[in-house]
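Here is the structure we will look at, set down as structure tokens.
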Amino acid sequence: VFVFRILLRSMALPACVLALSACGSKGEGNSSAVTSAADQNETQKYNAYVEAANTARTPFADIVATYQRSIKPVFDSGKDLAKLFFPSDPGIDRIKEQLDKALAMKPAMPELDGAARTYSEALAKIAPLYRDMANYIEAKTYVSDNGAHGRELQPALLTALNNVASAQATYAKAIDATDRARIKAAFEATKKDTLDYYRKGTVYYLKESM
């Protein structure tokens, strides 16, 4: 199961769990209104980051494993070229678009912005290489050049694949850590021995058990 999909559970939580001030009582004055707006902006940005995490159709680590197991040996040996295939695009451009959209949003979120920027940069580097190899194999150009272009492209492609897989994993960890911190903060900020307190406590302890 793709690790990012568990993040959807948090997305399904009531808004109060992820946006504490947005669920406060009305009429608390201008200061409270400003705080509420700031919290809502942060929540919107966080949700955009989660959407980016869930946009990938396949983990890049799985693509690396598939390439190493089934594609690299064919290019290295020059045999059985007819068996070549290439994994479909996991959504490289779309993921980068979502990441860049979230990065441009305010406020700054240092716990996520750095990992998101690194992931976006890795996607920018893999995109042309991935398209090149996909087009090369899909067009079966390896028949006419006996796999020469694939062997030439392979080192740079594998380096970029490993880099983007690492960036994706780091980004996933950052999302999960932020998710846990937000849920914990929501729980601890709620008045004890209330229905809301027990509801948020259930969410918090469920998350911690994962």
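Within region 161-196, the set of residues being open to solvent by less than 50 Å² (accessible area, probe 1.4 Å), in contact (Cβ under 8 Å) with a residue 40 or more places away in the chain and polar (S, T, N, Q) comprises Gln168, Thr178. Just to be sure, is Leu158 open to solvent by 10 Å² or more (accessible area, probe 1.4 Å), within 18 Å of Pro73 (Cβ to Cβ) and either touching a Lys or Arg at 6+ places or on another chain (Cβ under 9 Å) or β-branched (Val, Ile, Thr) (or both)? The answer is yes for Leu158. Taking the conditions exactly as written (open to solvent by 70 Å² or more (accessible area, probe 1.4 Å) and either touching a strand residue (DSSP E or B) at 6+ places or on another chain (Cβ under 6 Å) or at pLDDT 95 or above (or both)), does Gln68 satisfy them or not? So Gln68 fits the description; yes.
Give the residue, chosen from Arg131, Arg94, Arg117, that is over 30 Å from Thr43 (Cα atoms) and at pLDDT 95 or above. Just one listed residue meets the conditions, Arg131.
Return yes or no: is Ile63 part of a helix (DSSP H, G or I), more than 30 Å from Asp39 (Cα to Cα) and in contact with a Gly (Cβ under 9 Å, 6 or more places away or on another chain)? Criteria not met by Ile63. Applying the criterion of being open to solvent by 60 Å² or more (accessible area, probe 1.4 Å) and within 16 Å of Lys140 (Cα to Cα) to the residues of region 73-84, the residue that is modelled with the lowest pLDDT is Lys83.
The values are calculated or read from the model by the stated rules, or taken from the named source; none is laboratory data. In this text the structure is predicted, and so the values were computed from the model without any measurement. No Cβ is skipped: glycine too gets one built from the backbone with ideal geometry, and neighbour counts run over all protein chains shown. These area figures cover heavy atoms from the full protein model, side chains too; ligands, DNA and RNA do not enter into them. Shrake-Rupley method; radii C 1.70, N 1.55, O 1.52, S 1.80 Å.
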